[in-house]
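Before any comments, here is the structure.
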Amino acid sequence: MTEDPLEEIRWGREPVPVVAVVGFSNVGKTTLIEQLVSRLGTRGLVVGAVKHTSHGFTADRPGKDSDRIYRAGASAVTLVSRDQMATFKRRQPEQPSLGQALREMPSYLDLVLAEGFAWEPVPRLVLVRNGEAPASRHTEAGPVLAVIEVPEREEGYPPRFGADVLNALIKQLMDRVSAVAMSNGSKANVARNSRTPISLEIVKEGT
């Protein structure tokens, strides 16, 4: 582990940068992560994601064999197929720990994007609604890489992030991956740049 295991999760000798995407509910965090993961993948990066949920969840399908075994009291159940694997674990009811979640991620990732976890001391992208200022709870715990202002949209439709915004964020993330890899003596496919977070600024979404 590094001194701050949340900013870079380390498997063996290789650190992997972690960036959170934070903002109020329904502002567009999942949509942004979805688009970033897709575009980073086309550039050759292997990206993982961690999502915080406030209300619990049912990951398995009720009535399936694995669900029945879990409900019977198994402490952990792993589902394995030819191309997927998932493990469900019981945990104590407490504040979710990003560090614990990161340690469950596979070792071959280039970058982890975390949705939520605003209280953790990690670099973050902050989403705000049109005309709103960032909430202090979203900016105080870790360095802010950018604040993205999301314009109003029709109810029921996801926000549209313009190409200029997405390209700027992709460059920022690829620079972080490259800098971490180069500082660790690893080869990287992207140019090395400073890991120092940029000043807080509003990046307006294109149409």
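None of the figures in this text is laboratory data; all of them are computed from the coordinates on show. Model, not experiment: these values are computed from the prediction. Note: ideal-geometry Cβ built from the backbone for every residue, glycine included; neighbour counts use all protein chains shown.
Side notes on the structure shown:
- Among THR42, THR31, the ranking by other beta carbons within 10 Å of each residue's beta carbon, starting with the fewest, stands as THR42, THR31.
- Long-range amide H partners of LYS51 with built H, under 5 Å: GLU115
- Rounded to 0.05, the FRET efficiency of the SER75 and VAL37 pair, given R0 = 35 Å and the Cβ-Cβ distance, is 0.70.
- Among the listed pairs LYS29/LYS64; LYS29/LYS51; LYS29/LYS89, those whose Cα-Cα separation exceeds 20 Å are LYS29/LYS64; LYS29/LYS89.
- For GLY162, nonlocal amide neighbours, meaning residues 5 or more places apart or on other chains whose placed amide H falls under 5 Å from its own, are GLY206.
- Cα centroid separation, segment 116-163 to segment 75-93: 31 Å.
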